[in-house]
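Reading through the structure tokens given below for one structure.
The values are calculated or read from the model by the stated rules, or taken from the named source; none is laboratory data. Being a predicted model, the structure only gives us computed values, none of them experimental. With ideal geometry, Cβ positions are generated from the backbone for all residues, glycine too; neighbour counts draw on all protein chains shown.
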């Protein structure tokens, strides 16, 4: 039985870095493709809904490539952000005619959040800097 000699740490590092860069680039490319695909899907969704309306086919079901498409309504809630919470808490305390505790509540919530630090590799551009002459 022949066993391969362990790779030298520098060769192992080089290999790991090359793989990291490859998969980082792949992830960037795939994310761009996903964004483009979603934009095109949205474009054709609007076009299809407009065409269905113009043809007076509001409640139609269509079978396409093994899937059934039907018109539906999707609801999206506003994002739960710090500014949203602050606005709503001010409104809440005003409606209850109570002293406004908004700032104290938000400060307490922000202090209670768990913060985690993780070491990462960060890629930045290698374009040469342009120096004025």
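This table checks each residue for (1) outside the structural domain of residue 23 (by TED's automatic domain parsing); (2) closer than 30 Å to residue 22 by Cβ; (3) in contact with a strand residue (DSSP E or B) (Cβ under 8 Å, 6 or more places away or on another chain).
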site: 34; (1), (2), (3): no, yes, no
site: 43; (1), (2), (3): no, no, no
site: 65; (1), (2), (3): yes, no, no
site: 89; (1), (2), (3): yes, no, no
site: 108; (1), (2), (3): yes, no, no
site: 120; (1), (2), (3): yes, yes, no
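Conditions tested, residue by residue: (1) under 30 Å from residue 49 (Cα atoms); (2) within 28 Å of the chain's Cα centre (by Cα); (3) exposed (fewer than 10 other Cβ atoms within 10 Å of the Cβ).
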| residue | (1), (2), (3) |
| --- | --- |
| 66 | yes, no, yes |
| 73 | yes, yes, yes |
| 91 | no, no, no |
| 101 | no, no, no |
| 109 | no, yes, no |
| 117 | no, yes, yes |
Pairs please, first residue from segment 75-90 and under 18 Å from residue 104 (Cα atoms), second anywhere and surrounded by 10 or more Cβ atoms within 10 Å (Cβ to Cβ), Cβ atoms under 7 Å, 6+ apart in sequence or on different chains.
82/106; 85/106; 86/102; 86/106; 89/102; 89/105; 90/100; 90/102
Is it the case that some residue within segment 31-42 is more than 30 Å from residue 125 (Cβ to Cβ) and either part of a helix (DSSP H, G or I) or modelled with pLDDT of 95 or more (or both)?
yes
Surrounded by 10 or more Cβ atoms within 10 Å (Cβ to Cβ) and part of a loop (DSSP other than H, G, I, E, B): does that describe residue 123?
yes
